[in-house]
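Please read the structure below before turning to the comments.
The values are calculated or read from the model by the stated rules, or taken from the named source; none is laboratory data. Just so we're clear, the structure is a prediction, and the values are computed from it rather than from any experiment. We place every Cβ from the backbone using ideal geometry, glycine too, and count neighbours over all the protein chains shown. Heads up: the accessible areas ignore ligands, DNA and RNA and are worked out on the full protein's heavy atoms, side chains in. Shrake-Rupley method; radii C 1.70, N 1.55, O 1.52, S 1.80 Å.
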Amino acid sequence: MLLLDIMERFNIADKKALEFGVEYGYSLSALANYFDKVFGVDTFLGDTFTSIRENFIEETRKNLADYPNIELIQADYRDFIRDRKEEFDLIHIDIAHTYQDTFECGEWAVNNSKIVLFHDTETFDSVRQACLDLSKKYNRSFYNYKPCCGLGILVKE
């Protein structure tokens, strides 16, 4: 229900969403319940925070088989955003929890969506700080929903 509340509160359209950091697809499936088309970008190899693993894209595809509106894209976020300009109704970021990665991916996202969500703002100070810095740089409102490891919300109001 939190996602629907966010969409209604900020008048977010429901056509196209993007997620960076899919892992096994749990939050991507939540997005798929509210958006016509959802794209999930991930290396599907894990990272230093979730552990490095063998390629698990097929396991994720199986998890998401009931959602025909999801398209998985196996790529590093840096490769995906390079030279790309594309508007999304909502972007969710849950990648490696470093300041640099969060800021770089988030900077592209705030320039390509009215609203950007960041997971783990309460678990990782680096994620929260990147959100705060992006909100100042781009004059975005920043909301921090503290439960469930924290969800940062940057929105153009």
Next on the checklist: If I ask for residues that are surrounded by 18 or more Cβ atoms within 10 Å (Cβ to Cβ) and more than 17 Å from N144 (Cα to Cα), which ones from the range 92-127 would you list?
Outcome noted: I95, A96, D101, C105, W108, A109, S113
Checklist entry - Does N33 satisfy the criteria of being at pLDDT below 95 and either open to solvent by 20 Å² or more (accessible area, probe 1.4 Å) or basic (K, R) (or both)? => result no
Checklist entry - Among the listed residues D83, D101, D14, D79, which satisfies the condition of being farther than 22 Å from E157 by Cβ and in a loop (DSSP other than H, G, I, E, B)? => result D83
Next on the checklist: Residues to consider are Y138, Y143; find the one that is closer than 12 Å to F103 by Cβ and among the hydroxyl-bearing types (S, T, Y).
Outcome noted: Y138
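Answer yes or no as to whether E54 is at pLDDT below 95 and either closer than 19 Å to S27 by Cβ or open to solvent by 40 Å² or more (accessible area, probe 1.4 Å) (or both). Steps first, please.
Numbers: at pLDDT below 95: yes; either closer than 19 Å to S27 by Cβ or open to solvent by 40 Å² or more (accessible area, probe 1.4 Å) (or both): yes.
Here the answer is yes, as E54 does meet what is asked.
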Checklist entry - Within the bounds of the range 21-29, is there any residue that is part of a helix (DSSP H, G or I), more than 24 Å from D125 (Cα to Cα) and either among the hydroxyl-bearing types (S, T, Y) or open to solvent by 20 Å² or more (accessible area, probe 1.4 Å) (or both)? => result yes
Item to check | Every pair of residues 6+ apart whose Cβ atoms lie under 8 Å, when the first sits in the range 88-100 and is under 15 Å from D125 (Cα atoms) and free of Cβ contacts under 8 Å to residues at least 60 places away in the same chain while the second is charged (D, E, K, R) and open to solvent by less than 20 Å² (accessible area, probe 1.4 Å) | outcome: H97/D120
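Would it be correct to say that F88 is modelled with pLDDT of 95 or more, surrounded by 20 or more Cβ atoms within 10 Å (Cβ to Cβ), aromatic (F, W, Y) and within 20 Å of D36 (Cβ to Cβ)?
yes
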Next on the checklist: So, in the range 129-146, how many residues would count as being in a loop (DSSP other than H, G, I, E, B) and open to solvent by 80 Å² or more (accessible area, probe 1.4 Å)?
Outcome noted: 2
